[in-house]
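Attaching a single structure in structure tokens format; questions to follow.
The values are calculated or read from the model by the stated rules, or taken from the named source; none is laboratory data. The structure displayed is predicted, hence computed values, not measured ones. When we count neighbours, we look across all protein chains shown, and the Cβ atoms used for this are built from the backbone with ideal geometry, even at glycine.
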Amino acid sequence: MPQSPAECVFCKIYAGEIPGEFLYRDDRCFVIRDINPVAPVHLLVIPVEHYVHSVDASPEHEAMLGHLMLVAQTVAKQEGVYETGYRMAVNQGPNAGQTVDHLHLHVIGGRRLEHEG
Ligand code: AMP
Ligand code: ZN
């Protein structure tokens, strides 16, 4: 069963119940560093609203989903990986290894990444 907002680590960070450094924040999303980074730059772009990506997202979320990608671009510039390149990834469901059931966009860079997919 997907985690509810009450037990969701990202909702807790947003609410200040778990410490987190906000690299960016607006009324729709926020950005934190991944606690277990796989590269020198590993950020998570997270919508304020709790939902499990395609399970819960519907057409009214379309603009917000696009917003996440633009914010990823902003923070990639902030972190100095915009020119060298970075990967944006969303892990969706068990086969992709999704561990937190609250949509988030990984922004990974700062080293050469292996190609998968
Ligand atoms: P996913 O596997 O796509 O669901 O990614 C969840 C990510 O959240 C993982 O890369 C975790 O390292 C990261 N994560 C889990 N807890 C925290 C936390 N408290 N602060 C920052 N990142 C976290
Ligand atoms: Zn949540």
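Quick one: Met1 ticks every box in (1) more than 27 Å from Lys77 (Cβ to Cβ); (2) away from ligand 1 (no atom under 13 Å from the Cβ); (3) surrounded by 11 or more Cβ atoms within 10 Å (Cβ to Cβ); (4) of a type outside the set (Phe, Trp, Tyr) bar one, so which box is it?
Checking Met1 against (1) more than 27 Å from Lys77 (Cβ to Cβ); (2) away from ligand 1 (no atom under 13 Å from the Cβ); (3) surrounded by 11 or more Cβ atoms within 10 Å (Cβ to Cβ); (4) of a type outside the set (Phe, Trp, Tyr), the one that fails is (3).
Which one of Leu44, Leu68, Leu105, Leu23 is surrounded by 11 or more Cβ atoms within 10 Å (Cβ to Cβ), over 24 Å from Glu116 (Cβ atoms) and within 15 Å of ligand 1 (Cβ to nearest atom)?
Leu23
Looking at segment 17-29 only, could you name the residues that are out of contact with any strand residue (DSSP E or B) (no Cβ under 7 Å at 6 or more places or on another chain) and either of a type in the set (A, V, I, L, M, F, W, C) or at pLDDT below 95 (or both)?
The answer is Ile18, Pro19.
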